[in-house]
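Visitor: Handing you a structure now.
The values are calculated or read from the model by the stated rules, or taken from the named source; none is laboratory data. Nothing here was measured: the structure is a model prediction, and the numbers come from that model. Every residue, glycine among them, receives a Cβ derived from its backbone with ideal geometry; neighbour counts consider all protein chains shown. Ligands, DNA and RNA are stripped out before the accessible areas are found, and what is left, the full protein with its side chains, is counted by its heavy atoms. Shrake-Rupley method; radii C 1.70, N 1.55, O 1.52, S 1.80 Å.
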Amino acid sequence: MRVAVTRKVSPAMGRCELTYLPRTAIDLELAGAQHHAYEQCLVSLGCTVQSLPAEPDLPDSVFVEDAAIVTDELAVITRPGAASRRSETASIAKALEPYRPLAFIEAPGVLDGGDVLRIGRRIWVGISGRTNPSGVQQLTDALTPHGYSVQGVPVRGCLHLKSAVTQVAPTAVLINPDWVEARHFPGVRAIKVAALEPAAANALFIDGVVIYPSVFPQTRSRMEALGIRVICLDVSEIAKAEGGVTCCSLIFDK
Ligand code: CIR
């Protein structure tokens with residue numbers, strides 16, 4: 001059984017962290033509806049969605065991806081790079097405890113799940129504004145005993161590694177090479193985002209299908225031309241909080 005842990009949009013989302021985007025008004029009702037459609041999409045793809053209740057005082061708590069890295073063997077609970085987000089992890093640890101043994105990133109390490117890209121047994125970790133070398137080392141120590149190779153990768157000009165590169169097929173990634181260098185991903189086909197769509201590299205690959213924001217038609221066409229099946233969602237309000245489609249779920253097999 002495939003589980004997707006999600007969390008409802010916080011009523012405080014308007015006070016979210018922003019790094020590269022200006023603050024614009026978020027329509028909370030629309031954000032809730034878009035998030036519900038996202039959860040329904042996961043259900044349609046065979047996931048059992050475990051939707052956690054909204055956190056009234058944690059603006060970014062809908063972005064559950066940043067709070068944990070879940071592999072088949074364990075769940076690593078992160079220490080988010082933004083201090084305002086550190087209280088998000090306790091409830092995620094509680095939600096994951098029934099499924100996996102837990103490990104924890106400790107100070108001085110910081111690490112956001114949005115910086116962790118896993119393809120099979122290979123893991124890349126963005127060294128970003130949210131993840132530091134101590135965080136990468138702690139994740140390496142937790143996962144190498146389970147047969148994973150873990151590699152730190154510099155990221156520039158965007159929030160997380162997965163703003164710059166995500167998996168879209170068994171051996172292909174979607175990438176913005178201005179934000180992360182393609183040479184870090186040998187043996188993986190790199191599909192570049194369209195020049196007019198720099199923020200288009202965040203896609204959620206699940207069971208051979210890509211869940212994708214509807215606002216990047218040129219990059220979408222590039223994927224479809226290669227035979228990749230894409231399901232588009234309107235995630236405009238989530239994007240205003242600098243979130244993408246990977247950020248709103250933690251997906252793993254039970
Ligand atoms: C933040 O800055 O932390 C949130 N406003 C957005 C986090 C998005 N998470 C992700 O890309 N994994």
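Visitor: For the range 116-130, indicate whether the set of residues that are under 26 Å from ARG183 (Cβ atoms), more than 16 Å from the ligand (Cβ to nearest atom) and touching a residue at least 60 places away in the same chain (Cβ under 8 Å) is non-empty.
Guide: Scanning the range 116-130, I find at least one residue that is under 26 Å from ARG183 (Cβ atoms), more than 16 Å from the ligand (Cβ to nearest atom) and touching a residue at least 60 places away in the same chain (Cβ under 8 Å), so the answer is yes.
Visitor: Right, another one. (1) part of a strand (DSSP E or B); (2) more than 16 Å from the ligand (Cβ to nearest atom): which one isn't true of VAL43, the others all being true?
Guide: Against the list (1) part of a strand (DSSP E or B); (2) more than 16 Å from the ligand (Cβ to nearest atom), VAL43 comes up short only on (1).
Visitor: Shifting gears a bit: For LYS192, state whether it is within 12 Å of the ligand (Cβ to nearest atom), open to solvent by 10 Å² or more (accessible area, probe 1.4 Å) and over 27 Å from THR48 (Cβ atoms). Break it down into steps so the answer makes sense when it comes.
Guide: Working: within 12 Å of the ligand (Cβ to nearest atom): no; open to solvent by 10 Å² or more (accessible area, probe 1.4 Å): yes; over 27 Å from THR48 (Cβ atoms): yes.
No, not satisfied.
Visitor: Moving on to the next point. Between a residue in the range 19-40 that is outside any helix (DSSP H, G or I) and any residue that is surrounded by 13 or more Cβ atoms within 10 Å (Cβ to Cβ), which pairs come within a Cβ distance under 6 Å, given they are 6 or more apart or on different chains?
Guide: Pairs found: THR19/LEU159; LEU21/GLU242; THR24/LYS240; ILE26/MET13; ILE26/GLY14; ILE26/GLU237; ILE26/LYS240; ASP27/GLU237.
Visitor: Taking the range 228-254 as the region of interest, how many residues are open to solvent by less than 30 Å² (accessible area, probe 1.4 Å), part of a strand (DSSP E or B) and within 15 Å of the ligand (Cβ to nearest atom)?
Guide: We begin by selecting, within the range 228-254, every residue open to solvent by less than 30 Å² (accessible area, probe 1.4 Å); these are 228, 230, 233, 235, 237-238, 241, 243-250, 252.
Next cut, part of a strand (DSSP E or B) only: 230, 233, 250, 252.
Next cut, within 15 Å of the ligand (Cβ to nearest atom) only: 250.
Within the range 228-254, residues that are open to solvent by less than 30 Å² (accessible area, probe 1.4 Å), part of a strand (DSSP E or B) and within 15 Å of the ligand (Cβ to nearest atom) number 1.
Visitor: Among the residues of the range 209-227, are any in contact (Cβ under 8 Å) with a residue 24 or more places away in the chain, in contact with a strand residue (DSSP E or B) (Cβ under 8 Å, 6 or more places away or on another chain), away from the ligand (no atom under 14 Å from the Cβ) and assigned to a loop (DSSP other than H, G, I, E, B)?
Guide: Yes, because at least one residue in the range 209-227 is in contact (Cβ under 8 Å) with a residue 24 or more places away in the chain, in contact with a strand residue (DSSP E or B) (Cβ under 8 Å, 6 or more places away or on another chain), away from the ligand (no atom under 14 Å from the Cβ) and assigned to a loop (DSSP other than H, G, I, E, B).
Visitor: To continue, here is another question. Of the residues that sit in the range 1-25 and are among the hydrophobic types (A, V, I, L, M, F, W, C) and in contact with a Ser or Thr (Cβ under 9 Å, 6 or more places away or on another chain), which one is most open to solvent (accessible area, probe 1.4 Å)?
Guide: Looking only at the range 1-25, we keep the residues that are among the hydrophobic types (A, V, I, L, M, F, W, C), and these are 1, 3-5, 9, 12-13, 16, 18, 21, 25.
Those left that are additionally in contact with a Ser or Thr (Cβ under 9 Å, 6 or more places away or on another chain): 1, 3-5, 9, 12-13, 16.
Details: MET1: 120, VAL3: 2, ALA4: 0, VAL5: 1, VAL9: 24, ALA12: 9, MET13: 0, CYS16: 4 Å².
Step by step, filter the range 1-25, then rank; the result is MET1.
Visitor: Do any strands (runs of 3 or more DSSP E) lying entirely in the range 69-134 carry at least 1 residues that are buried (at least 22 other Cβ atoms within 10 Å of the Cβ), and which ones are they?
Guide: On the way: elements: 75-77, 102-104, 116-119, 122-127.
Per the criteria, 75-77, 116-119, 122-127.
Visitor: Quick one: which of THR24, THR19 is of a type in the set (Ser, Thr, Tyr), within 13 Å of the ligand (Cβ to nearest atom) and in contact with a Lys or Arg (Cβ under 8 Å, 6 or more places away or on another chain)? Quick ask: steps written out before the conclusion?
Guide: Details: THR19 fails: in contact with a Lys or Arg (Cβ under 8 Å, 6 or more places away or on another chain).
Being of a type in the set (Ser, Thr, Tyr), within 13 Å of the ligand (Cβ to nearest atom) and in contact with a Lys or Arg (Cβ under 8 Å, 6 or more places away or on another chain) holds for just one of THR24, THR19, which is THR24.
Visitor: Count, please, the residues in the range 202-253 that happen to be over 21 Å from VAL62 (Cβ atoms) and hydroxyl-bearing (Ser, Thr, Tyr).
Guide: So the count comes out to 2.
Visitor: Follow-up question, since we're still on this one. Can you name every residue in the range 156-179 that is touching a helix residue (DSSP H, G or I) at 6+ places or on another chain (Cβ under 9 Å), in a loop (DSSP other than H, G, I, E, B) and under 18 Å from ILE191 (Cβ atoms)?
Guide: Selection gives CYS158, ASN176, PRO177, ASP178, TRP179.
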